[in-house]
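For reference, the structure is listed below as structure tokens.
The values are calculated or read from the model by the stated rules, or taken from the named source; none is laboratory data. None of these values were measured; they are calculated from a predicted model. We place every Cβ from the backbone using ideal geometry, glycine too, and count neighbours over all the protein chains shown.
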Amino acid sequence: MNLVLATRNDHKAEEFDQLLTPHEVVALPPEVELPPETGETFAENALGKARAAAQATNTPSIGDDSGIEAEALGGRPGVRSARFAGEHATDQENRDKLIREAPEGSRVAYVCAIAYVHPDGTEFVVEGRCEGTLTHSPRGTNGFGYDPAFVPDEHPDSTMAEITPAEKAAISHRGKAARALLERLNAS
């Protein structure tokens with residue numbers, strides 16, 4: 001099945017294409033307008049994007065929203081992860097702000113919600129989580145975003161940016177959510 005991915009993020013598109021095999025993930029046409037991410041939850045933002053893509057393309061669509069939650073910050077940055085240090089902040093600026101505000105070794109979790117919307121009105125949301133700790137010594141080049149500062153529980157001696165793509169897919173929030181999506185799609 002072809003699935004339109006409602007994102008303009010090339011990193012996510014590459015990851016989803018690998019995670020959702022055998023389904024073919026196709027790019028969102030450039031003329032499709034995505035709604036602003038104004039939801040209070042990852043699920044709300046993911047549903048808004050998937051609904052917009054399905055309506056515009058008349059094709060089953062998926063949207064995701066993901067981010068990092070720091071326990072020491074009451075769950076922040078959460079849905080504002082991509083804009084934590086400001087509207088047009090870089091990955092490094094966002095990561096640096098998290099490191100400044102949350103103590104070394106504090107508990108963090110990556111969260112990913114994936115919404116599926118079919119033009120016939122069928123829709124559902126699945127979620128995946130990856131738990132870990134924050135390091136104030138970012139390292140590694142295999143990731144993006146907060147990966148160099150995120151030490152997953154499953155690999156306590158490495159950051160998400162130091163493990164291989166296959167290791168990351170096995171434990172990541174996006175990988176867990178994608179497997180839950182595949183399970184739902186295969187059951188229908």
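Worth a mention:
- Of the residues 156, 138, 119, the single one that is in a loop (DSSP other than H, G, I, E, B), surrounded by fewer than 14 Cβ atoms within 10 Å (Cβ to Cβ), in contact (Cβ under 8 Å) with a residue 40 or more places away in the chain and not hydrophobic (A, V, I, L, M, F, W, C) is 119.
- Residues of region 159-188 that are assigned to a helix (DSSP H, G or I) and of a type in the set (Gly, Ala, Ser): 166, 169, 170, 175, 177, 178, 180, 187.
- Residues of region 57-75 satisfying the condition of being part of a loop (DSSP other than H, G, I, E, B) and buried (at least 18 other Cβ atoms within 10 Å of the Cβ): 60
- Qualifying residue in region 67-81 (condition: within 20 Å of residue 173 (Cβ to Cβ) and modelled with pLDDT under 95): no
- Residue that is farthest from residue 84 (Cα to Cα), among those in region 1-54 that are touching a residue at least 40 places away in the same chain (Cβ under 8 Å) and among the basic types (Lys, Arg): 51
- Residue, surrounded by the fewest Cβ atoms within 10 Å (Cβ to Cβ), within region 159-172, restricted to residues that are at pLDDT below 95 and either closer than 23 Å to residue 78 by Cβ or in contact with a helix residue (DSSP H, G or I) (Cβ under 6 Å, 6 or more places away or on another chain) (or both): 169
- Output for region 123-135, where each listed residue is more than 12 Å from the chain's Cα centre (by Cα) and either without any contact (Cβ under 8 Å) to a residue 24 or more places away in the chain or over 30 Å from residue 55 (Cβ atoms) (or both): 131, 132, 133, 134, 135
- Qualifying residue in region 98-111 (condition: surrounded by fewer than 16 Cβ atoms within 10 Å (Cβ to Cβ), among the basic types (Lys, Arg), more than 18 Å from residue 44 (Cβ to Cβ) and free of Cβ contacts under 8 Å to residues at least 60 places away in the same chain): yes
- Total residues in region 99-116, condition within 9 Å of residue 68 (Cα to Cα) and over 14 Å from the mean Cα position of the chain (by Cα): 1
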